[in-house]
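*Asks:* Right, I'll just put the structure down here and ask away after.
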Amino acid sequence: MELSEHIKTANVEDVTLRRPFHPALRGTLCVTSHHLLFSDRKHEDSWQLLILLRNIDATEKRAVGSSGTITIKCKDLLVLQLEIPGMEECLNIASSIEALSALESVTEMYPFFYRPSHLTLHGPWGLFSTEKYYKQTEKLWDRWRVSTVNSDYSVCPSYPHAVIVPREVDDEKLVQSARFRQGGRFPVLSYCHHRNGMVIMRSSQPLTGANRKRCKEDELLLQAVIDGSVLGYIIDLRSTQQAQQARMTGGGFESKSSYSQWKRIHRHHERGKVLQESLIKLVEACSDPSHSVDRWLSKLENSKWLSHVHSALSTAGLVVECVERDGHSVLVHGSEGTDSTLLVSSLAQLILDPASRTLTGFLCLLEKEWIQAGHPFQQRCAHSAYSHARLKQECPSFLLLLDCVWQVWRQFPLALEFSEALLLRLSQEVYASNYGTFLCNNEQERCAAGVKENTHCLFQSLLSPDIEEQYLNPLYEPTDLAIWPSVHPQSLQLWTGLFLRWTEYAQNMEEAREEVWSIVKEHRERAAPDRTNNMSSTHCDTLTPFENLMDELTIL
């Protein structure tokens, strides 16, 4: 069926658009295969609103006399209202939106049709390469190697074609280990710490089952990870009870007798339906301005969203403590190894690794730990918080990651090279995008669909010179030290820039950010010649531009 066949009514005149913080507008509404376009053409300086249909999470229809009203709820939490003359036209528009916003075929989605003049499909796609990371990490050369055992994706459908594993473990042992792990996700290297050479590994749960099955090759693989060390830690992202129950359905955990040099620690993390319902409750609380303060705070607490943020950051801190302070390698896994596992390993690297706190490094981290590592974006991000559809495999794991990164950014405003604007952009792109970066569920599916050959890469676009500056943190001061975010309840706050972004508060904060940018730029321009003239001065002899800046920012 052609996409155009879903469009029952393409254009409607005299449609009234209502949106937050703006007066109502009357104009023309158009439905295309991938966009909803509203145009106000009655004024000399015509105004247009273009919405990607993939961004629409739910529609609600209501009859008003002979006309109809459609409320559009978007995945980026924007809510619009369209008043359409003629009930038949209203129903046709709603039907078209519902059909075109829920396309299941990847190749029918807009990234396969997006062709901006400033981008080309030729050249390399993406930022991260396993082989390049290995070559740049000298501490890996003696005991680790790059394996292409999964080059045809037959060993593990959700892993990339190349992974880093212990040198003494051959590919046949990797195949046997993969058969012993859920989904074939055998332990692979995620990160090597630049200070002491300790590593973070990730995998899925072992399939020990009720009979306590063993796999010699899997045991040898983990033994090779800590060769020469006294101890390694397994951070299991399930409660002890959940891990025990998993054995009854064929899953399980690493027993002390079989993995004697590994100490297992359980940290319970919610996922799947529980996490999705938490997001729904949070957005519901933030969308109703009629609540009293006490009522609003109660609904916020009942959503338990900040509890999930706390769990993720505290477990990441535990991983960092094992690696940085205690000098031990760590294996992280839950059940499938595609959600909480990636969340914790990513946050641990952000805390540990100064390179991951740069703009380019952070995007490389996301590509390595989420896109190449097989987070099922198409399943998890099929719907956001407004959809009336029955929950299937939706889960806001990636959104939770962005929230946790925002908490770190807020607590350490100088430590990250990128700004909140980047996190907000990513929160939109993961649900609906012009780019192919977040399409499909793993590298195998992207390869089969021709994503790299037929779509553009978001991360490369964000790093283009004319775009990059708007996502930089003007206060950035690099440090080689690990940063330790506080997880005390009073230290974790609601991410207002995201969850209250369509409120008056968020609009005021955006204006304040623009004012901060202008002040920072002005100080940088003034400081540049002074810094050249005072190269021989000691730090304590001068007041740094940052100190002057903070004095001025307090006025705001």
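The values are calculated or read from the model by the stated rules, or taken from the named source; none is laboratory data. Note that this is a predicted model, so its numbers are computed, not measured. Because the Cβ atoms are built from the backbone with ideal geometry, glycine has one as well, and the counts that use them run over all protein chains shown. Heavy atoms of the whole protein, side chains included, go into the accessibility calculation; ligands, DNA and RNA do not. Shrake-Rupley method; radii C 1.70, N 1.55, O 1.52, S 1.80 Å.
*Asks:* Go through region 286-308 and report how many residues are hydrophobic (A, V, I, L, M, F, W, C) and either buried (at least 21 other Cβ atoms within 10 Å of the Cβ) or within 18 Å of the chain's Cα centre (by Cα) (or both). Full working, then the answer.
*Replies:* Initially, region 286-308 is screened for residues hydrophobic (A, V, I, L, M, F, W, C), giving 286, 293, 296-297, 300, 305-306.
Those still in the list that are either buried (at least 21 other Cβ atoms within 10 Å of the Cβ) or within 18 Å of the chain's Cα centre (by Cα) (or both) too: 286, 305-306.
Count: 3.
*Asks:* Could you tell me whether region 160-170 includes any residue that is part of a loop (DSSP other than H, G, I, E, B), of a type in the set (Gly, Ala, Ser) and touching a helix residue (DSSP H, G or I) at 6+ places or on another chain (Cβ under 8 Å)?
*Replies:* Taking every residue of region 160-170 in turn, at least one turns out to be part of a loop (DSSP other than H, G, I, E, B), of a type in the set (Gly, Ala, Ser) and touching a helix residue (DSSP H, G or I) at 6+ places or on another chain (Cβ under 8 Å).
*Asks:* Moving on. Which ones in region 160-181 are within 28 Å of the chain's Cα centre (by Cα) and either more than 27 Å from ASN211 (Cβ to Cβ) or open to solvent by 30 Å² or more (accessible area, probe 1.4 Å) (or both)?
*Replies:* PRO160, HIS161, ALA162, VAL163, ILE164, VAL165
*Asks:* Identify all residues within region 501-528 that are of a type in the set (A, V, I, L, M, F, W, C) and either over 17 Å from LEU282 (Cα atoms) or at pLDDT 90 or above (or both); write none if there are none.
*Replies:* Hits for region 501-528 are MET509, ALA512, VAL516, TRP517, ILE519, VAL520, ALA527, ALA528.
*Asks:* Another question, then. Only residues in region 196-218 that are on the phi < 0 side of the Ramachandran plot and touching a residue at least 60 places away in the same chain (Cβ under 8 Å) count as the first member; pair them with residues that are of a type in the set (S, T, N, Q) and assigned to a loop (DSSP other than H, G, I, E, B), Cβ under 6 angstrom, at least 6 apart or cross-chain, and list the lot.
*Replies:* GLN205/SER335
*Asks:* Related question: Show the residue pairs that are 6+ apart or on different chains and have beta-carbon atoms under 6 Å apart, the first residue being within region 148-160 and on the phi > 0 side of the Ramachandran plot, the second being not charged (D, E, K, R).
*Replies:* Here the result reads TYR153/GLN444, each pair linking region 148-160 to a residue that is not charged (D, E, K, R).
*Asks:* Something else about it: Hey, can you tell me all the residues within region 14-33 that are touching a residue at least 60 places away in the same chain (Cβ under 8 Å), within 15 Å of ILE93 (Cβ to Cβ) and touching a strand residue (DSSP E or B) at 6+ places or on another chain (Cβ under 7 Å)?
*Replies:* Within region 14-33, ASP14, VAL15, THR16, LEU17, LEU29 meet the criteria.
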